[in-house]
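Here's the structure, in structure tokens; my notes come after.
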Amino acid sequence: MRSLGWLALVAFLVLPAATAIAESTTVEGPSLAPGDMWTYRTNTSLATGLALNGLVTLTVTGHAATEVEGRSFDAYILSVTGAGTASGTFALRSGGSTQASGAWTLSGRQIVDARGLKILFSVLDLEANGTIHTNSIPLAFQLSVQNTTSFRIDSDPWQFPLTIGATSQVARQMNFTEDFRLVYFGGGPNPSRTAGVIWWNASYSIEAATSVETPAGHFDAYPIRESEPDGTETVSFFAPVAGNHARTEARNGTTQVGTADLVSYRYQALEPPTFLGLTMDRWAFVTIGAAATTVLVVWWFCRRRKRASRDGHGVPVKEAP
């Protein structure tokens, strides 16, 4: 299977989010709802030599019993969208390499186990296009990667609530298909498809909270490590107040291949309660404003009546003898 940093990073953007009480030794699972969303600033290296920089947004679109690989799960459904710039080097068929730059877009969908926030199914579509800067004449390129992955989980002890310091292994089979296509004038490898069904167990651990700084602000976050059989590892620093991680680091052995830092988010479970679309503090302002308006209207009518009296309306008129 082709090793792609962007896929590993996006696949684990929602892993593992949680809600915890400060200074607690256990971590409870989050309560996600349609409309919850997280936007991340990403920096990911591809196997082709390109680096992708931009924004990726995850949005919860549903929560329902969902069947994956013949088994039913209580699951969250999320949409994945993203866009940004691409830059790096391409290996040329004629030999050597050259600089390239362009833009990329990402779209997809994920199904996530609600009890442990593990990926059950994902379909991701990455499209990139731009210019290869050769010495003679610039060449246009197009890169396309579509990946569909589903997991059959046979043993799953990694479920909320989690105890700080705990470790566990999840036994699972991975069923994947990936289509790869890179085209540029005068070269580029032939389109390829990789597919298979393999055992892909994962090891998990959770550590004590640490301080994390992101564009969305400061978070107290719990590092959760997920180690894969091919030597890749993802460390997700989840922030309880965000309902998801504040930062994710993807590594291939000792090499860091991607990062994602939280830029903005909405987590409705920790939002102030609302009535008719307004929070209680905003209703207080509305009430104060309505009272002030009432006082103003009464004052205006009183002044109007007094002015009418001065103009002769309502003033006693002396009759002629």
Any residue at all in the range 195-204 that's free of Cβ contacts under 8 Å to residues at least 40 places away in the same chain and within 22 Å of Trp38 (Cα to Cα)? no
Of (1) assigned to a strand (DSSP E or B); (2) within 29 Å of Glu271 (Cα to Cα), Val241 fails just (1)
Of all residues in the range 125-144, how many are open to solvent by 90 Å² or more (accessible area, probe 1.4 Å) and at pLDDT 95 or above? 0
Counting only strands (runs of 3 or more DSSP E) entirely within the range 122-225, those with at least 2 residues that are closer than 30 Å to Gly102 by Cα are 139-155, 167-184, 192-199, 210-214
Quick check on the range 184-199. Is at least one of its residues open to solvent by less than 20 Å² (accessible area, probe 1.4 Å) and among the aliphatic types (A, V, I, L, M)? no
Residues being among the small types (Gly, Ala, Ser) and not in a strand (DSSP E or B): count how many of those fall in the range 226-238. 1
Those residues of the range 226-274 which are of a type in the set (A, V, I, L, M, F, W, C), closer than 24 Å to Gly62 by Cα and over 15 Å from the mean Cα position of the chain (by Cα) amount to Ala269, Leu270
Looking for whichever is among the β-branched types (Val, Ile, Thr), closer than 21 Å to Asn244 by Cα, at pLDDT 90 or above and open to solvent by 50 Å² or more (accessible area, probe 1.4 Å) here; the options are Thr148, Thr210. Which one fits? Thr210
Output the residue which, of all residues in the range 66-108 that are open to solvent by less than 50 Å² (accessible area, probe 1.4 Å) and assigned to a loop (DSSP other than H, G, I, E, B), is nearest to Val145 (Cα to Cα). Leu92
Take the range 151-162 and flag every residue that is open to solvent by 70 Å² or more (accessible area, probe 1.4 Å) and of a type in the set (S, T, N, Q). none
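This table checks each residue for (1) touching a residue at least 60 places away in the same chain (Cβ under 8 Å); (2) in contact with a Pro (Cβ under 7 Å, 6 or more places away or on another chain); (3) more than 19 Å from Asn43 (Cβ to Cβ).
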| residue | (1), (2), (3) |
| --- | --- |
| Thr89 | no, no, no |
| Trp104 | no, no, no |
| Ser107 | no, no, yes |
| Gln110 | yes, no, yes |
| Leu124 | yes, no, no |
| Gly130 | no, no, no |
| Leu139 | no, no, yes |
In the range 244-265, what count of residues is obtained for those that are more than 13 Å from Thr42 (Cβ to Cβ), open to solvent by 30 Å² or more (accessible area, probe 1.4 Å) and in a strand (DSSP E or B)? 5
Scan the range 216-233 for residues that are surrounded by 12 or more Cβ atoms within 10 Å (Cβ to Cβ) and farther than 25 Å from Ser150 by Cβ and jot them down. Ala216, Gly217, Phe219, Asp220, Ala221, Tyr222, Pro223
Would you check if Asp179 is surrounded by 15 or more Cβ atoms within 10 Å (Cβ to Cβ), modelled with pLDDT under 95 and at negative phi? no
Give me the residue from the range 49-65 that is β-branched (Val, Ile, Thr) and crowded, with 21+ Cβ neighbours inside 10 Å and, out of that set, farthest from Gly84 (Cα to Cα). Val60
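The values are calculated or read from the model by the stated rules, or taken from the named source; none is laboratory data. Computed from a predicted model, the values in this text were never measured in an experiment. With ideal geometry, Cβ positions are generated from the backbone for all residues, glycine too; neighbour counts draw on all protein chains shown. These area figures cover heavy atoms from the full protein model, side chains too; ligands, DNA and RNA do not enter into them. Shrake-Rupley method; radii C 1.70, N 1.55, O 1.52, S 1.80 Å.
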